[in-house]
Amino acid sequence: MTTLHLHKTMPFAAKARGIIAGCICLAFASCSFGTGLADSKRPQAVSVEGVYGLPNGTVVRVSGRFEGWSGCNDNTVMKTRSDWTLTGQDRCIYVTGKRPRQAKQGKEMTIQARVITEDHKSYLQYLGD
């Protein structure tokens, strides 16, 4: 059980706000003061293979190997000529959006992206690192 210790000279309204905020945080047990996001709002971590079959618009954190502009023969689609690929153990997927600074050929990386599915083919929209 967590005990709240409030200073005796603290005004009553401030004490009440602190107690209420503490109770709400304990009740939901998902407060994340560092990021401002509850655990349920954090993107799901998946592999490249795990992207396929996810609903359109799902935001995920995807881990894979950067392979630049090399071709990808999986059930994916290139949207622009500057799209790049992430490769997993058995599959690859095109990613549209700015190429990350840390991207180097063959280097493992994790990105945040939105899954886009059109005509039964998926690709990722890069949202950041």
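The values are calculated or read from the model by the stated rules, or taken from the named source; none is laboratory data. Bear in mind the structure is a predicted one, so any value in this text is a computation, not a measurement. Positions of Cβ are backbone-derived with ideal geometry, glycine not excepted, and every protein chain shown enters the neighbour counts.
Taking the range 83-107 as the region of interest, how many residues are touching a Phe, Trp or Tyr at 6+ places or on another chain (Cβ under 8 Å) and assigned to a loop (DSSP other than H, G, I, E, B)?
Final tally of qualifying residues: 11.
Kindly evaluate residue 125 against the criterion of being without any contact (Cβ under 8 Å) to a residue 60 or more places away in the chain, surrounded by fewer than 18 Cβ atoms within 10 Å (Cβ to Cβ) and assigned to a loop (DSSP other than H, G, I, E, B).
Criteria not met by residue 125.
For the range 83-95, does any single residue satisfy the condition of being surrounded by 15 or more Cβ atoms within 10 Å (Cβ to Cβ) and modelled with pLDDT under 90?
Scanning the range 83-95 turns up no residue that is surrounded by 15 or more Cβ atoms within 10 Å (Cβ to Cβ) and modelled with pLDDT under 90.
Considering 110, 80, which residue is farther than 19 Å from residue 55 by Cβ, among the polar types (S, T, N, Q), out of contact with any Gly (no Cβ under 7 Å at 6 or more places or on another chain) and outside any loop (DSSP other than H, G, I, E, B)?
After ruling out the rest, the residue left standing is 110.
Taking residue 47, is it among the hydroxyl-bearing types (Ser, Thr, Tyr) and either within 16 Å of the chain's Cα centre (by Cα) or at pLDDT 85 or above (or both)?
yes
Does the range 41-78 hold any residues that are within 14 Å of residue 114 (Cβ to Cβ) and exposed (fewer than 15 other Cβ atoms within 10 Å of the Cβ), and which are they?
If the condition is that a residue be within 14 Å of residue 114 (Cβ to Cβ) and exposed (fewer than 15 other Cβ atoms within 10 Å of the Cβ), then 44, 55, 56, 57 are the ones that fit.
Which residue pairs have Cβ atoms closer than 8 Å, lie 6 or more positions apart in sequence or on different chains, and pair a first residue in the range 43-57 that is assigned by TED's automatic domain parsing to the domain that holds residue 74 and small (Gly, Ala, Ser) with a second residue that is exposed (fewer than 11 other Cβ atoms within 10 Å of the Cβ) and part of a loop (DSSP other than H, G, I, E, B)?
47/89
Just need a number here: residues in the range 38-72 that are small (Gly, Ala, Ser) and assigned to a strand (DSSP E or B).
Matching residues across the range 38-72 total 4.
Give me a count of the residues in the range 113-122 that are part of a strand (DSSP E or B) and modelled with pLDDT under 95.
4
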